[in-house]
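Data block below; observations after.
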Amino acid sequence: MANQDTRPIGVFDSGVGGLSVLREIRALLPHESLLYCADSGHAPYGDKSQQLIRERSLELAEFLVRHEAKAIVIACNTATAAAARALRERWPNLPVIGMEPAVKPAAAATRGGTVGVLATVGTLASAQFAALLDTFGQDVHVVTQPGVGLVEAVERGELKAESTRHLLTAHLKPLLAAGADVIVLGCTHYVFLRELVETIVGPAVKVIDTGAAVARQLDRRLAEAGHHAPEQAPRAVRFWCSGNPASVAHAIEVLWGERIWPDPLARSQVFRPGQH
Ligand code: DGL
């Protein structure tokens, strides 16, 4: 039953960074209903243990599955490294789409042979990232930089604040000093800082991320499984969050562009739906 599946797509992140992926999904698949969980009460994931991130990811995915998600998108590089495998083992028949820093396209795009990767400590320390470098980073020089403090700035909605510019400049400096002519935004939160990054690095440096590629991969997986929604389907988006709903609502308004009050995503299994 191709193009008849009105069940929603479930998306989660450690916080509001995954909205950068959600907007790509919305643009490519406007007829799909979407569920979004921001685990802002536990952000950042980047400095947490892999086990804790796995537990959080399983709980969030379980919640989305209970809300009839027909696919799960892990809109977080850090959680993908820690938990994608566990999610796929737990739901072998459910499409689980993860993401990783765009090292492959960056290696193809660099002219000078040096690629800079800005990502969380957790992503950069993961076995998955090491494997990614082994596969796609052999013929180029890859310089990495943990973006400590940037997730918190985005969670606060401080995209253009002087303090954010200052922090970002300090993180980009070593990458530029190493000669990187391509910068990979390896965390979904950082995508919201793209404009600031581009101002700092200048026009000669290419800035790339994977949000659009994730949306295309989701599209392919839905097509394979015959799970697309019909074209006339309504396009609801529902939001939940952990942490303080007032500050998450502020961040959602800044990043998503709508006034949305997310309902609490409690630490227990008791969740309530948010406003559309
Ligand atoms: N947005 C996430 C990522 O793509 C996680 C950031 C964090 O919570 O540290 O890695």
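The trypsin sites (Lys or Arg not before Pro) of the range 65-119 that DSSP puts in a loop, and whose beta carbon has at most 16 other beta carbons within 10 Å, are R111. Near T144, the amide H atoms lying under 5 Å from its own belong to V117; only residues 5 or more places off or on other chains count, and H is placed 1.01 Å from N.
Rounded to whole numbers, the Karplus 3J(HN,Hα) couplings from phi for the range 98-110 are x, 8, 9, x, 6, 5, 4, x, 5, 5, 6, 8, 5 Hz, using 6.51 cos²θ - 1.76 cosθ + 1.60 with θ = phi - 60°, and x at Gly and Pro.
Over the chain, dividing the summed -39,500 (n - 2.57) contributions of all DSSP H runs of at least 4 residues by the number of residues returns a 222 nm mean residue ellipticity of -13000 deg cm²/dmol. All Cα-Cα distances of the chain, cut into 5 Å bins from zero to the largest, leave 1, 6, 13, 18, 19, 17, 12, 8, 4, 1, 0 percent in each bin in turn. With bins 5 Å wide beginning at 0, the percent of Cα pairs of the range 125-224 falling in each bin runs 2, 11, 19, 22, 19, 14, 8, 3, 1, 0. Residues whose amide H comes within less than 5 Å of that of I97, counting only those at least five positions distant or on another chain, are I72, V73, I74 (H built at 1.01 Å from N in the peptide plane). Within the chain, DSSP assigns beta bridges of which about 5% are antiparallel (rounded to the nearest 5).
In the chain, the portion of solvent-accessible area held by carbon and sulfur atoms comes to 52 percent [1.4 Å probe, whole percent, DNA, RNA and ligands not counted]. Taking the Cβ of G18 as the centre, find all other residues whose Cβ is under 11 Å away and add up their charges (Lys, Arg: +1; Asp, Glu: -1). It works out to a net charge of -2.
The Kirkwood radius of the range 159-218, taken over pairs of alpha-carbon atoms, gives through the Stokes-Einstein law at 25 °C and 0.890 mPa s a diffusion coefficient of 202 µm² s⁻¹. Accessible area per residue for the range 167-276, computed on protein heavy atoms with a 1.4 Å probe, is 48 Å². The alpha-carbon of K173 sits under 23 angstrom from the alpha-carbons of these lysines, leaving out residues fewer than 8 places away in its chain: K104, K160, K206. Sequence-ordered 3J(HN,Hα) estimates for the range 187-193 from the Karplus curve with 6.51, -1.76 and 1.60 and θ = phi - 60° stand at 8, 5, 5, 5, 4, 6, 9 Hz, glycine and proline given as x. Taking amide hydrogens as placed 1.01 Å from N in the peptide plane, the amide H of C241 sits under 5 Å from those of A38, D263, L265, each at least 5 positions away in sequence or on another chain. Can you classify the range 1-125 as rounded, prolate or oblate using the Cα gyration tensor, where a ≥ b ≥ c are the square roots of its eigenvalues, rounded means a/c under 1.5, and otherwise it's prolate if a/b beats b/c and oblate if not? Oblate shape, in that a/c is at least 1.5 and b/c is the bigger or equal ratio.
The values are calculated or read from the model by the stated rules, or taken from the named source; none is laboratory data. These numbers come from a predicted model, not from an experiment. All Cβ positions, glycine included, derive from the backbone under ideal geometry; neighbour counts span all protein chains shown. All accessible areas refer to the heavy atoms of the entire protein, side chains included, with ligands and DNA or RNA removed. Shrake-Rupley method; radii C 1.70, N 1.55, O 1.52, S 1.80 Å.
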